[in-house]
1. Spelling out what I want: for every residue of region 13-26, take phi, set θ = phi - 60°, compute 6.51 cos²θ - 1.76 cosθ + 1.60 (Karplus), and round to whole Hz; glycine and proline get x.
2. Return the distance in nm (one decimal) between the two label points of a simple spin-label model at VAL63 and MET127, each offset 7 Å from Cα along Cα→Cβ.
3. Could you tell me the calculated FRET efficiency between TYR34 and MET1, based on Cβ-Cβ distance and R0 = 30 angstrom, to the nearest 0.05?
4. Could you check the simple spin-label distance between CYS43 and PHE116, using points 7 Å along Cα→Cβ, in nm with one decimal?
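FYI, it's all coordinate maths here, none of it is from the lab. Just so we're clear, the structure is a prediction, and the values are computed from it rather than from any experiment. Positions of Cβ are generated from backbone atoms using ideal geometry, with glycine treated the same way; all protein chains shown enter the neighbour counts.
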Amino acid sequence: MLLAGWHGANWTFVVWGGLHGAYLIGHRLLGEAYDALGMVEGCTFRRLMSLAGLPATFLLVLVTWVFFRASGFGAAWDMLAAMVGASAHGGGGVQFRLYELGIVMAGVLLVWTEPFIVQRMERHGIMWWWRVPFWLRGAVYAGGVLVVTAFGGVTQKFIYFDF
């Protein structure tokens with residue numbers, strides 16, 4: 001994973017690859033520790049640890065992306081400090097805009113309800129959507145794209161355009 005630094009000519013990319021490699025090693029060692037302790041696949045503890053691993057993996061990847069995107073180590077450390085509310089630029093604590101909280105809450109709601117939605121769709125099928133007239137389905141899709149475009153916020157150029 002250290003060789004993954006081909007993404008750019010900066011040492012932060014080597015750290016990015018090294019962190020990913022360390023995470024993979026940690027995952028492998030954790031699985032071997034479970035096996036050594038006699039915890040079989042599907043046991044309650046392993047399922048709970050797997051569930052806890054979802055947000056832990058997300059947070060670790062977020063930290064890793066900082067090094068991928070930062071212009072240097074100084075910028076990376078400033079971003080990591082800001083992520084935990086210790087920004088050197090003042091503004092004590094983490095601050096969110098209202099729409100950001102709304103997006104997070106909508107995501108949490110979707111993740112919470114998704115198993116129920118999938119179960120219902122498996123039971124009843126989704127053929128009803130294909131019975132909706134083509135023009136109405138197209139309008140729903142177009143409306144979704146319009147909402148994302150109108151309320152998607154400020155964009156920036158694709159990261160690979162800088163290389």
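1. 5, 5, 5, 4, x, x, 5, 4, x, 5, 5, 5, 4, x
2. Taking the two extended label points, one gets 5.1 nm.
3. Working from the Cβ atoms, E equals 0.85.
4. 3.3
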